[in-house]
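The values are calculated or read from the model by the stated rules, or taken from the named source; none is laboratory data. Keep in mind it's a predicted model, so treat the numbers as computed, not measured. A quick note on method: Cβ atoms are made from the backbone with ideal geometry, for glycine too, and the neighbour counts reach across all protein chains shown. With ligands, DNA and RNA removed, areas are computed over all heavy atoms of the protein, side chains included. Shrake-Rupley method; radii C 1.70, N 1.55, O 1.52, S 1.80 Å.
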Amino acid sequence: MKTAISYRGIQTVFLDRDGVLNRKAPEGEYVSRWDLFHPLPGIEEALHRLNVAGIAVYVVTNQRGVALGLYTTRDVEHLHARLQEDLRAHDARVDGFFYCPHDKGVCDCRKPKTGLFEQARALHPEIDYATSLMVGDSVSDIEAGQRAGMRTIFIEGEPERQKPGADRGRTLADAVSTSLGAAVELILRDQ
Ligand SMILES: [Mg+2]
Ligand SMILES: [Zn+2]
């Protein structure tokens with residue numbers, strides 16, 4: 001059992017995408033188009049609650065499928081625009097999307113590296129990692145957040161779709177939640 005940590009003072013929440021906002025594709029498959037994007041239950045309400053609390057929300061996602069030639073950066077951006085539209089209809093929003101289109105080992109932005117956070121901070125200089133939280137379903141999400149000095153929450157996904165190493169993510173993270181909605185509950189409870 002983990003010692004409960006406080007989420008008091010959180011001003012920025014970074015979210016992984018696949019497995020947090022939408023159902024993760026089976027390992028080796030990619031969510032390249034809107035019709036493959038299956039939102040997880042309760043994400044609109046969870047995002048709305050963060051929006052109303054004045055907590056900024058940024059999506060940070062590895063999209064290696066671009067480097068593999070399976071889809072393009074345009075496809076990624078189109079999907080994010082479509083998601084934003086869908087959220088708007090539910091009175092919710094994401095404040096920015098940042099993605100790594102690169103292959104393994106060739107860039108500074110593929111999580112567990114911290115370049116996506118740096119990109120967000122370049123655009124939004126008010127971001128302070130000490131008051132930021134990373135929410136993800138992979139060990140690389142948790143490692144990235146911890147390298148930057150953030151608090152972390154691991155989202156427990158469907159066991160058969162978890163990446164290798166997910167157990168380590170669960171162990172490393174400050175807390176474990178079953179969904180974004182449950183994570184937001186933890187965050188807001190402490191404000
Ligand atoms: Mg994920
Ligand atoms: Zn990258």
*Under the Karplus relation 6.51 cos²θ - 1.76 cosθ + 1.60, θ = phi - 60°, what is the ordered set of whole-Hz ³J(HN,Hα) values for segment 26-39, x standing for Gly and Pro?*
x, 3, x, 10, 10, 8, 9, 9, 4, 6, 9, 8, 10, x
*Amide H to amide H, which residues 5 or more places from Arg151 or on other chains are under 5 Å from it, using H placed in the peptide plane?*
Ser132, Met134
*Among Ala130, Ala144, Ala89, residue whose mean-square fluctuation peaks in a GNM of the chain (springs only between Cα atoms under 10 Å)*: Ala89
*Averaging sequence separations of C-alpha pairs under 8 Å and six or more residues apart, then dividing by the length of the chain, give the relative contact order as a whole percent.*
28
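Using every Cα-Cα pair within segment 86-191, state what percent have a distance larger than 18 Å. Kindly include the intermediate steps, with their values, before the conclusion.
Working: 3039 of 5565 pairs.
Roughly 55 percent, rounded to a whole number.
To the nearest 20 debye, what charge dipole does the chain have about its Cα centre, counting +1 at the Cβ of each Lys and Arg and -1 at the Cβ of each Asp and Glu? Walk me through the numbers on the way to the answer.
Values: 24 positive and 28 negative charges, 71 e Å.
The dipole of the chain has a size of about 340 debye.
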_Return the unpartnered cysteines for the chain, using a Cβ-Cβ cut-off of under 4.7 Å._
Cys107
*Pick from Gly42, Gly149, Gly165: which is most flexible by mean-square fluctuation in a GNM of the chain where alpha carbon atoms under 10 Å apart are linked?*
Gly165
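Helix-derived [θ] at 222 nm for the chain: sum -39500 (n - 2.57) over DSSP H runs of at least 4, divide by residue count, nearest 500? List each step's numbers first, then the result.
Numbers: 6 runs with 61 residues, N = 191.
For the chain, the value works out to -9500 deg cm²/dmol.
Name the longest site-free stretch of the chain, where the excluded sites are GluC sites (Glu not before Pro) in a DSSP loop with no more than 14 other beta-carbon atoms within 10 Å.
Result for the longest clean stretch: 30-125.
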*Calculate one ³J(HN,Hα) per residue across segment 57-65 by plugging θ = phi - 60° into the Karplus curve 6.51 cos²θ - 1.76 cosθ + 1.60, and present them in order as whole Hz with x for glycine and proline.*
10, 10, 8, 10, 9, 7, 10, 5, x
*asked:* Mean-square fluctuation check for the chain, GNM, Cα pairs under 10 Å: which of Gly28, Gly54, Gly145 is largest?
replied: Gly28
*Once the principal axes of the Cα atoms of segment 12-189 are found, what is the range along each, listed largest first in whole angstroms?*
42, 36, 36
*asked:* Using a 1.4 Å probe on the protein heavy atoms only, what accessible surface does Val13 show? Give it in Å² to the nearest 10.
replied: 0
*Work from the charge dipole of the chain (Cβ charges, +1 for Lys and Arg, -1 for Asp and Glu, about the Cα centre) and give the residue of Ile10, Cys107, Gly96 farthest towards its positive end.*
Cys107
